[in-house]
1. Return only the number of the condition from (1) within 19 Å of Arg41 (Cβ to Cβ); (2) among the small types (Gly, Ala, Ser); (3) open to solvent by less than 10 Å² (accessible area, probe 1.4 Å) that Ala97 does not satisfy.
2. For residues that are in contact with a strand residue (DSSP E or B) (Cβ under 9 Å, 6 or more places away or on another chain), among the charged types (D, E, K, R) and surrounded by fewer than 23 Cβ atoms within 10 Å (Cβ to Cβ), tally how many sit in the range 155-168.
3. Out of everything in the range 1-27 that is open to solvent by 100 Å² or more (accessible area, probe 1.4 Å) and assigned to a loop (DSSP other than H, G, I, E, B), what residue ends up being modelled with the lowest pLDDT?
4. Return a yes/no flag: does the range 163-177 have any residue that is touching a residue at least 40 places away in the same chain (Cβ under 8 Å) and more than 24 Å from Thr75 (Cα to Cα).
5. Which of the residues spanning the range 169-206 are more than 21 Å from Ala56 (Cβ to Cβ), exposed (fewer than 14 other Cβ atoms within 10 Å of the Cβ), modelled with pLDDT of 95 or more and not charged (D, E, K, R)?
6. Need the failing condition index for Glu220 against (1) open to solvent by 50 Å² or more (accessible area, probe 1.4 Å); (2) of a type in the set (Asp, Glu); (3) within 23 Å of Tyr73 (Cα to Cα); (4) modelled with pLDDT of 95 or more, just the number.
7. Could you please let me know if Val77 is outside any helix (DSSP H, G or I), open to solvent by less than 10 Å² (accessible area, probe 1.4 Å) and touching a residue at least 24 places away in the same chain (Cβ under 8 Å)?
8. Which residues, counting only those in the range 28-63, are in a loop (DSSP other than H, G, I, E, B), open to solvent by 20 Å² or more (accessible area, probe 1.4 Å) and aliphatic (A, V, I, L, M)?
Amino acid sequence: MIRTLSPLFAGVALVALSAAPGVAQQARVDLDDPERPEEDRLRDEFSKPLAMLEWAGLEEGDVALDFHAGAGYNTWVLSEWVGPEGVVFTEMSGRRAEALKERLATGDLADAGNVVYVDALAKVPDDTLDLFLTVRNYHDIPVDRIPEFLAGVERTLRPGGLFVVVDARTDEGRDVDAHRIADEVIVEEVTAAGFELLGSSELLANPEDDHAGPRWERREQVDQSLLKFRVPAEGGR
């Protein structure tokens, strides 16, 4: 099935293939690629990106979004995973987007051919994504903006599309200072917006984490949630 985008993205073809997810993609993604930044390769052991995407169910040829992509760690993995017939939107804005833009211009993403940079979620076309991925960003969205954000997520996903949330855990509620959020809060808010919870995983969990502080400098210590939601295939908007 061929899917088309608005004229703004007319140069990128969206093709859905029937390839089985998981093993084929993992075999194709070379995390040891010497062109990747060293800090990304060091992060792989605890971020477990290939196992995460297999669990998420992302397939070759799919269309994905790396929301608030930082310097593009997950963008690169997504790009390799979906392959040349897939598309990855990578979203970042402001000064924090400079590293990502440089990587897209001259780094290991420069020749990817399937990555589209956007500086706002509003610029992702409607009903386009098979997967919306956000990694350690959900907790930063102000409570009063959650409905607006989730409406934007739902708008960009095709019916049946997946919303995958990774975040740093706290015991309950939101810990704004520590940049953490409890699984229960995410589930309650997202399901209240009409999404279906498909499952959770302890793939990124660390039971030894005391849930104190953001630990940006020691990512491997953070106990992380991994939650998967789906836009209803019928009903919806």
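1. Exception for Ala97: condition (1).
2. Of the range 155-168, the ones in contact with a strand residue (DSSP E or B) (Cβ under 9 Å, 6 or more places away or on another chain) are 156-158, 160-168.
Now narrow it down to the ones that are among the charged types (D, E, K, R): 158, 167.
Applying the additional criterion that residues be surrounded by fewer than 23 Cβ atoms within 10 Å (Cβ to Cβ) yields 158.
Final tally of qualifying residues: 1.
3. Out of the qualifying residues, it is Met1.
4. yes
5. Of everything in the range 169-206, those that are more than 21 Å from Ala56 (Cβ to Cβ), exposed (fewer than 14 other Cβ atoms within 10 Å of the Cβ), modelled with pLDDT of 95 or more and not charged (D, E, K, R) turn out to be Gly173, Ala192.
6. All conditions are met except number (4).
7. Here the answer is no, as Val77 does not meet what is asked.
8. Once the filter is applied, which keeps residues that are in a loop (DSSP other than H, G, I, E, B), open to solvent by 20 Å² or more (accessible area, probe 1.4 Å) and aliphatic (A, V, I, L, M), the range 28-63 yields only Leu31.
The values are calculated or read from the model by the stated rules, or taken from the named source; none is laboratory data. From a predicted model like this one, the values you see are computed outputs, not experimental measurements. Glycine gets a Cβ as well: all are built from the backbone with ideal geometry, and neighbour counts include every protein chain shown. With ligands, DNA and RNA removed, areas are computed over all heavy atoms of the protein, side chains included. Shrake-Rupley method; radii C 1.70, N 1.55, O 1.52, S 1.80 Å.
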